[in-house]
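Student: Structure incoming, see below.
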């Protein structure tokens, strides 16, 4: 069964310890080795949208009589609901962090 709540792997590619005495090569902005924060958020929102669409499809199929088992529709609705609530909780944390940064005095 597909896991609708895929979490990308963030395992370090090398040793988890960084030697502060070793200089690192400068990188241009946007050339990060891993996935950018923007892409992670866009993928998460896309996944929530896909689950919402799956729930809508399940409801349509149930109402039209194509599917007789209500449990499939209920599972799709609950997956969409949980993913949306999780996305909103993450959004609220991001907004709170942003407001905290804005309040910082320089």
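Student: Quick check on the exposure proxy: order 78, 61, 100 from fewest to most C-beta atoms within 10 angstrom.
Tutor: Numbers: 78 12, 61 15, 100 9.
Exposure proxy ranking, most exposed first: 100, 78, 61.
Student: Set the Förster distance to 41 Å, then compute FRET efficiency between residue 35 and residue 102 from the Cβ-Cβ distance, nearest 0.05. Don't skip to the answer; put the middle values down first.
Tutor: Working: r = 26 Å, r/R0 = 0.63.
About 0.95, to the nearest 0.05.
Student: How do 104, 88, 74 rank when sorted from fewest to most other Cβ atoms within 10 Å of their own Cβ? Please report the intermediate quantities before stating the final value.
Tutor: Working: 104 6, 88 11, 74 14.
Starting with the residue having the fewest Cβ neighbours, the order is 104, 88, 74.
FYI, it's all coordinate maths here, none of it is from the lab. The model shown is predicted, which means the values in this text are computed figures rather than measured ones. Every residue, glycine as well, gets a Cβ built from its backbone with ideal geometry; the counts of neighbours run over all protein chains shown.
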